[in-house]
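Below is one structure; the comments refer to it alone.
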Amino acid sequence: MWNDIRFGARMLVKTPAFTIIAVLALALGIGASTTTFSVVNALLLKPWPYIQDQNRLLYVSEYFPKVSSEHDNGVAYPDYLDFKKQATTLEGFGTTTAATMILSDGEKPDRYLGAFITADAFSFLGVQPILGRIFRADEDQKGATPVALLGYEVWKNHFGSDANIIDRVVTINGKRVTIVGVMPKGWRFPEACDLWMPLQVEEKENARGNFNFACFAKMKRGVSIEQARAELEAIGTRIAADNPQTNSGVSVRVRFFREEAVSDAKTLTLLLMGAVLFVHLIACANVANLLLARGASRAREIGIRLALGAGRRAIIRQLLAESLVLAVVGSALGLILAVWGIDLVIRAVPVEMPYFIRFDFDWRVFSFSLALGLGSAVLFGLFPALQASRPQLVEAIKEGGRSGIGGGKGQRVRNGLVVAEVALALVLLVGAGLTLRSFLKLQATDIGIDPSHTLTFRVGLPPTQFKQEDAGRFFTALIPQIASIPGVESSAATTSLPASGNIGVSALILEGEAEPRQLQNARLAHGLAITPGYLATCRIPLLRGRDFTLADNKDSQRVVLIDELAAHKWFPHTDPIGRQLAMLEKLGEPPKWATIIGIVRNVVYDRLTERREFPCVYAAQYQNPEWFMSVMLRTKTDPAAFANFARAAVLAVNKEIPIYKVKTMDQVMVESFWERRFFGTLFTVFAGLALFLAAIGLYGVMAYSVRQRTQEIGVRMALGAQAGDVLRLVTGHGIRLVASGLAIGVVFAFFLTKLLQGNLEGVSVHDPLSFGVVSAVLLIVGLLACYLPARTATQLDPVRALRYE
Amino acid sequence: MNNGSKPLIHLEDVTKVFLTDEVETHALSGIHLDIKDGEYVSIAGPSGCGKSTLLSILGLLDTPSGGSYSLKGSEVANLSFPERARIRNREIGFIFQSFNLIGDLTVYENVELPLTYRGMSSGDRKSAVTQALERVGMGHRAKHLPSQLSGGQQQRVAVARALAGKPAILLADEPTGNLDSRNGEAVMELLRELHAAGATICMVTHDPRFAQNADRTVHLFDGRVVEDNRIAA
């Protein structure tokens, strides 16, 4: 075998053009496949760091099927307590809520995303700190000494990796808190948190009906998810029976934690993996075609070997050894391309990924690449080897003799491979066309505001440190400060940025209506608070009535704005201005009525990929101040240049309050459909690659065919064929191949694009434009690929062609 | 030399018919031929008479359409491809008109090639290859590629390759056809030496001068044996 490999390597070195083309085709296929596999690995295969027995970890949520069967709510805190108390199939049941945590011990305050988490959670998750201890079970009781766990990066960057950090008292959100431990590097549970404090919740502050806690659980050993689900559903039914007003119609959803974490991206990632394997198949088909042609040209050598007593097995082994050398070199180069590819993929993700999604180059990725390379060697090498190992022996060893593989069956196989390449390329191109169109439609979505020249950032006062009036005063002082920055046209604050998805759904009643007996039957709306000037800053047209003013404060009558959809849905036949509505903050409490003073144009607050059709109610920030808000400033020039001015303005109002999530509104828009752009771009890149490889394949076959038919073309020319006749002869052959590939590809694409259902916006999976344009593009590229060999054929010298052997 | 009664090769009523579309071409018709161990036989005849077809059948490169062919007493006419490959490798040494050396292998590797297919150990191969190359006077060129040799030298290497495995018979198809007269003479001299040392040789040639080197000349015409002359020593 070693001799075979050595000889194979020597043969490949002797034919550099063939080797370079084959290795590059394989490297592109393997590189793209390995890059995509690293995404699959990160999302679906790679175990998450530090969590033990991950296959027993569940995600639990509650939702109203009547409202939406797709969107989960969180779990209401009292419901969580009931689940935890009654469940017998679970080893642990925890909950967490994310929160801004401001560490204000240094020269400047640092804001981190933290999590309040039930004290026993880290214990049943199985993670251990690198310093100190995790929380004790009693530390989430009200009145317990405030303690915190530091993330590795906070410990390193904020505290300089201080080994004596344990028991040090620091200020978090204005509270003196004792550090009890430092978590290991890379631990950011549940997604991207850097600080943890025990969750201390008063049930009365979080009544039933407020579904806002993320819950996770660990099944006991030997319990199946079906058993756990059945038990939690039964408990949910009991809760609903005991609390019909809040929980009637509430269902419990139990999923594996991993499934929940990657559900949005799973389908697209697997589709992408399929697409990239198509690309690799095209690459393999190209190499197989090259090998078939090469086998024909080596028929004499193979004939001699057979004459000297080589068995077919020895010939096949020899040729497969060459394929193996090609595959190993292609894999090595593919791995290098994959390293770059993974880097590009990471850079193409505009949002912070959850800590457990890591595109590392681990043994799975390496094994995949190796297996793909070896598998490919068999895939592209076996058939050409089988073909080459049975030449017409006597003919092959004659001087100038031609092999049987050069014509007939060999040609048919080469043609078949090109047809398959065109078909695969068409499927990919149609998929890419659909995702591209969908992404372009999303990009062109009118979200109801003018996002240009707008900078946004998040800022807020920790509720544990500041009273509600303080929050009101802070924003009252901040907004004029921001607006006075030279170059700023206007400024305002909102609890929810358009297209961000950071918005909740609230129940409400209109005047004259009784409070609903069950929450599931309540009117629902998006609710947000805004400061005066928000409409102007976002350029949201006020259709009727008036905007908020500074006079709409806690001392004045409560007022709200509603959008067109609310006006149309709730007041189809009456004028909404002057009518009243009340948001139901807690069922059973007296409603706080507010008067509708204006109607504004509809604005999209959901992420563009997760749009829901809810009416929208705008409350006046200064009448019921919120602690955390997004500030927006419309600028005359590049908004990104105003970040430092904005930061300084905030510190001028309160030197302990940092700003974070500083983004232009255009970036917010992009993030609202980044997955579609990300996958759409990758699909397009892979489809482009497929098109390129298919064109190369077609060109190769046509060029080979022209060489094989040189004598025939010479005879035709000698008999009077014109250049046009020869051109038609050659291109006609190529176009027949392309047309066959297109026909087969269209049929496959028709069925395969159904897999994209649910991941396209405003485009049918059978969009005729995408199918038509892609077919036309392939046809044109096919014509070009045929034209070059055809032109060569027309320039043949008939005398030399007739002598050609 | 052993000219005993049992022939090394025995052909009886061998025919070869080529079918192309609707045309039947009878390349060989009713060939009877015995070649004894140690004999030097030349096959002569005009172009297209079936000499090369006969040699292909003798070398198990092709199968007869009819008749029987026994080599060393065993019927080999209708063996499977792998069995024929095994016999070619062990019992037959080929010398082609166009040398048929593999251009990407060195002289040494070319001679070694049939031995590798035999599964011979590396040490045995080395000794056999060195011996064969020395025998044809090409030991000093072992590391050269065929393209670095003259035609005569290439044919010597081809002879060494044919000899290395100590086959029962050497089949030579116009071994001087691609050589000038001086090199042609040298190759014929080499074959004479091999024959003198006991080798069985069957050579196709249309050159009467070289045919005279053989013990016996078989004349073919239109696919039939028309004359079988034993040349007096």
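The values are calculated or read from the model by the stated rules, or taken from the named source; none is laboratory data. The shown structure was predicted, so the numbers you read here are calculated from the model rather than taken from an experiment. Don't worry about glycine lacking a Cβ; one is built from the backbone with ideal geometry, like all the others, and counts go over all protein chains shown. Side chains included, ligands, DNA and RNA excluded: accessible areas come from the protein's heavy atoms. Shrake-Rupley method; radii C 1.70, N 1.55, O 1.52, S 1.80 Å.
Tabulated values for the structure
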read-out: Average other protein chain Cβ within 10 Å of Cβ, residues B:161-168; value: 1
read-out: Region A:462-656 - Debye-derived log10 I(q)/I(0), Cα point model, q = 0.09, 0.13 Å⁻¹; value: -0.35, -0.72
read-out: Ordering of B:59-69, A:338-348, B:164-174 by burial proxy (mean other Cβ atoms within 10 Å per residue, highest first); value: B:164-174, B:59-69, A:338-348
read-out: For A:Arg607, distant residues with modelled amide H under 5 Å away; value: A:Gly501
read-out: Greater than 20 Å apart at Cα, pairs in A:Lys142/A:Lys218; B:Lys16/B:Lys72; A:Lys175/A:Lys655; value: A:Lys142/A:Lys218; B:Lys16/B:Lys72
read-out: Nearest 10 degrees, 0 to 90: helix A:16-40 Cα axis against chain A principal axis; value: 20 degrees
read-out: Relative contact order [Cα under 8 Å, 6+ residues apart], chain B, whole percent; value: 28 percent
read-out: GluC sites (Glu not before Pro) restricted to DSSP loop in region A:515-619 with at most 12 other C-beta within 10 Å; value: A:Glu613
read-out: Segment A:Phe748-A:Glu153, extension gain: residue separation times 0.36 nm, minus the distance between their alpha carbons; value: 209.2 nm
read-out: Inter-label distance, nm, simple model (7 Å from Cα along the C-beta direction), B:Ser181/A:Ala652; value: 11.2 nm
read-out: Residue with peak Gaussian network fluctuation, chain B [Cα springs, cutoff 10 Å], from B:Arg135, B:Arg161, B:Arg86; value: B:Arg86
read-out: Cα-Cα separations in region A:65-249 greater than 19 Å, expressed as whole percent; value: 61 percent
read-out: Portion, in percent, of the accessible area of chain A that falls on carbon or sulfur, probe 1.4 Å; value: 57 percent
read-out: Contact order normalised by residue count of region A:65-249, Cα under 8 Å, 6+ apart, percent; value: 34 percent
read-out: Given charges at Cβ of Lys, Arg, Asp, Glu: region A:196-326 dipole, positive-most of A:Asn206, A:Leu268, A:Asn247; value: A:Leu268
read-out: Partners for A:Lys220 among aspartates and glutamates (Cα-Cα distance below 14 Å; same-chain residues under 8 apart left out); value: A:Asp53, A:Glu91, A:Glu231
read-out: Net dipole in debye of region A:462-656 [+1 Lys, Arg Cβ; -1 Asp, Glu Cβ; about Cα centre; nearest 20]; value: 220 debye
read-out: Reachable lysines, given that their alpha-carbon falls under 25 Å from the alpha-carbon of B:Lys143 and they are not under 8 places away in the same chain; value: A:Lys14, B:Lys126, B:Lys166
read-out: Ordering of A:25-34, B:91-100 by burial proxy (mean other Cβ atoms within 10 Å per residue, highest first); value: A:25-34, B:91-100
read-out: For region A:487-500, 3J(HN,Hα) per residue [Karplus equation, 6.51 cos²θ - 1.76 cosθ + 1.60, θ = phi - 60°, Hz, x = Gly/Pro]; value: x, 8, 7, 7, 8, 6, 10, 9, 6, 9, 7, x, 6, 8
read-out: Amide N proximity, region A:758-775 versus A:Ser263 label position 7 Å along Cα-to-Cβ, cut-off under 17 Å; value: A:758-759
read-out: Between B and A, accessible area buried - total, square angstrom, nearest 100, 1.4 angstrom probe; value: 2000 Å²
read-out: FRET efficiency, 1/(1 + (r/R0)^6) with R0 51 Å, evaluated for A:Ala234 and A:Leu382 via beta carbons; value: 0.35
read-out: Highest to lowest packing among A:378-384, A:43-49, A:268-274, scored as the average C-beta count within 10 Å; value: A:378-384, A:268-274, A:43-49
read-out: Radius 14 Å from Cβ of A:Phe748, net charge of other residues (Lys, Arg +1; Asp, Glu -1); value: 0
read-out: Rounded to 10°, Cα long-axis angle of helix A:643-653 versus longest principal axis of chain A; value: 20 degrees
read-out: Alpha carbon centroid spacing (whole Å) that separates region B:1-74 from region B:96-136; value: 27 Å
read-out: Among the listed pairs A:Lys266/A:Lys661; A:Lys84/A:Lys554; A:Lys266/A:Lys441; A:Lys84/A:Lys663, those beyond 30 Å (Cα-Cα); value: A:Lys84/A:Lys554; A:Lys84/A:Lys663
read-out: Solvent exposure, largest accessible area first (probe 1.4 Å, DNA, RNA and ligands not counted), of A:Thr609, B:Thr25; value: B:Thr25, A:Thr609
read-out: Positions from region B:44-61 whose accessible area shrinks by 50 Å² or more when the full protein complex is built, not the chain alone, probe 1.4 Å; value: B:Leu61
read-out: Mean shadow area of the protein assembly as shown, taken as a quarter of the surface of its Cα convex hull (nm²); value: 56.6 nm²
read-out: Crossing angle, helix A:468-483 versus chain A [Cα axis fit, 0-90 degrees, rounded to tens]; value: 60 degrees
read-out: For chain A, size of Cβ-based charge dipole, Lys and Arg +1, Asp and Glu -1, in debye; value: 3460 debye
read-out: Delta accessible area of at least 40 Å² on complex formation, residues of region A:305-326, 1.4 Å probe, chain isolated as reference; value: A:Arg305, A:Ala307, A:Leu308, A:Gly309
read-out: Net charge contributed by nearby residues that have their C-beta within less than 14 Å of A:Asn286 (K/R +1, D/E -1); value: +1
read-out: Extension reserve of the A:Lys142-A:Asp446 stretch, reckoned as 0.36 nm per residue once the Cα distance is removed; value: 104.7 nm
read-out: Where trypsin sites (Lys or Arg not before Pro) fall in DSSP loop in region A:196-272, at most 16 other Cβ within 10 Å; value: A:Lys220, A:Arg221
read-out: With every protein chain in place, chain B: carbon and sulfur % of accessible area (1.4 Å); value: 47 percent
read-out: With 10 Å bins from 0: P(r) over chain B, alpha-carbon pairs, percent; value: 8, 33, 36, 20, 4, 0
read-out: Sequence-separation-based contact order of chain A, relative, with Cα cut under 8 Å and 6+ spacing, percent; value: 17 percent
read-out: For the protein assembly as shown, accessible area per residue (1.4 Å probe, heavy atoms of protein chains only), Å²; value: 43 Å²
read-out: Most to least accessible of B:Ser47, A:Ser297 (protein chains only, probe 1.4 Å); value: B:Ser47, A:Ser297
read-out: Largest to smallest accessible area among A:Thr454, A:Thr171 [probe 1.4 Å]; value: A:Thr171, A:Thr454
read-out: Selection from A:Val413, A:Gly758, A:Val39 lying farthest towards where the dipole of chain A points positive, charges on Cβ; value: A:Val413
read-out: Residue-level accessible surface for B:His140, protein heavy atoms, 1.4 Å, Å²; value: 130 Å²
read-out: Interface residues in region B:63-103 - accessible area drops by 10 Å² or more relative to the isolated chain, probe 1.4 Å; value: B:Phe81, B:Ala85, B:Arg88, B:Asn89, B:Phe94, B:Phe96, B:Ser98, B:Asn100, B:Ile102
read-out: Between region A:328-379 and region A:617-643, the Cα center-to-center distance that results, in Å; value: 42 Å
read-out: Value of [θ]222 nm, deg cm²/dmol, for chain B, DSSP H segments ≥ 4, -39500 (n - 2.57) each, nearest 500; value: -10000 deg cm²/dmol
